1. Ordering HIS70, HIS133, HIS96, HIS58 by accessible area with a probe of 1.4 Å, largest first, what comes out?
2. Tally Lys/Arg at +1 and Asp/Glu at -1 over every other residue whose Cβ is under 14 Å from the Cβ of MET28; what's the total?
3. Of all chymotrypsin sites (Phe, Trp or Tyr not before Pro) in the stretch 1-98, which ones are in loop regions per DSSP and have a Cβ with at most 13 other Cβ atoms within 10 Å?
4. Compute the Cα gyration tensor for the stretch 9-153, then decide on rounded, prolate or oblate, letting a ≥ b ≥ c be the square roots of its eigenvalues: rounded whenever a/c is under 1.5, prolate when a/b is larger than b/c in the other cases, and oblate in all that remain.
5. Using a 1.4 Å probe and ignoring any ligands, DNA or RNA, find the accessible area of ARG125 and quote it in Å² to the nearest 10.
6. Give me the percent relative contact order of the stretch 28-116, please, defined on Cα pairs under 8 angstrom at least 6 residues apart.
7. How large is the accessible surface of SER100 in square angstrom, using a 1.4 angstrom probe and rounding to the nearest 10?
8. List every residue whose amide H lies under 5 Å from the amide H of THR106, counting only residues 5 or more places away in sequence or on a different chain, with H placed 1.01 Å from N in the peptide plane.
Amino acid sequence: MGFSGEAVPFTEEEEAFLAALQPAVMAMTQAFDKAMRAQGLTRTEYFVLLALSKAPDHTMKLGDLAGLCHVSPPVLGRTVQTLASEGLLLREQAPHDARSFNAVLTDVGRTRLEQALPVYVATLRRLVLDHLHREDLDVAKLAAAWQRMAETA
């Protein structure tokens, strides 16, 4: 295997980590998707509802929401349309910008999120947290590393 430019070869430890990472992420994603489908939501729908639940006045601009959920504007548009058709959120014109729209979490959406939340917590605990041995791993440092990865991706 040839390397060009500034590429530094992986150490054996790094190679083993990266070899384990992809199948773990894929398996976790599939299991999470299955758990959310059982709640009548897609992964994106769940994260849209979750983001809105944490936003001031349960309202966000669609562009900001797309960025926070790491989806393209067309994907978010379809997701918002689906959630709005189910009464889980409202799509409203932004009050100070006629070109922008906001998503607003409804009471029905909040209830659906509250119903899905225990499944979300149990699923992530089973898929992720139960495999992290707190005595061997600094979870706060790991969280910071994952945040940096998300910000630079």
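1. The most accessible residue leads, giving HIS96, HIS70, HIS133, HIS58.
2. Combined, the nearby Lys, Arg, Asp and Glu give +2.
3. Filter output for the stretch 1-98: PHE3, PHE10.
4. Note, shape of the stretch 9-153 comes out prolate.
5. 110
6. Relative contact order of the stretch 28-116: 29 percent.
7. Counting only protein heavy atoms, the figure is 30 Å².
8. LEU89, LEU90
The values are calculated or read from the model by the stated rules, or taken from the named source; none is laboratory data. This is a predicted model, so every value here is computed, not measured. So basically every Cβ, Gly included, is an ideal-geometry build from the backbone, and we count neighbours across all protein chains shown. Ligands, DNA and RNA are excluded from the accessible area calculation, which covers all protein heavy atoms including side chains. Shrake-Rupley method; radii C 1.70, N 1.55, O 1.52, S 1.80 Å.
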